[in-house]
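The values are calculated or read from the model by the stated rules, or taken from the named source; none is laboratory data. Nothing here was measured: the structure is a model prediction, and the numbers come from that model. For neighbour counting, all protein chains shown are included, and Cβ atoms are generated from backbone atoms with ideal geometry for every residue, glycine included. Only protein heavy atoms, including side chains, enter the accessible area calculation; ligands, DNA and RNA are left aside. Shrake-Rupley method; radii C 1.70, N 1.55, O 1.52, S 1.80 Å.
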Amino acid sequence: MSEKKVKKIKKDNPNISIALNFYSPSGDKFVKDNSIADWVGYIPLDTRKKMKMFIDILSPSKVIFIKNEWWWNSLDILRQKNIPYHIISVTIRREHYFIKNRVSFIDKIIRNISSIGLVDQK
């Protein structure tokens, strides 16, 4: 998601808080010296305990994951809490382990994704 899109979301919804988080230092480039979000930080390791605490603290009304961010514990906690989650700019291939090896736990999470924005139709 581009900086421009995040600014538009904030402009169109001035009463919402936006938290930008990421797992790797490459995310720093996006938010460096920028005030487009109310909070910026690193996402914890995707363990049930850490992600439950993180989601409880943030208390989001909606979550957007970008680019193949398959954080299974996070997604399952969001599903259990009935918090809509969206995945955008994603590539899904037949070779993905969760497509090749169907597991009911993962199927349940995938069925509850509110929307998926694919990079292309392949």
Among 44, 60, which is within 21 Å of residue 5 (Cα to Cα) and open to solvent by less than 40 Å² (accessible area, probe 1.4 Å)?
60
Would a scan of segment 93-116 turn up a residue that is without any contact (Cβ under 8 Å) to a residue 60 or more places away in the chain, loosely packed, with under 11 Cβ neighbours inside 10 Å and under 12 Å from the mean Cα position of the chain (by Cα)?
yes
Among residues belonging to segment 77-88 that are surrounded by 19 or more Cβ atoms within 10 Å (Cβ to Cβ) and not β-branched (Val, Ile, Thr), point out the one that is modelled with the highest pLDDT.
78
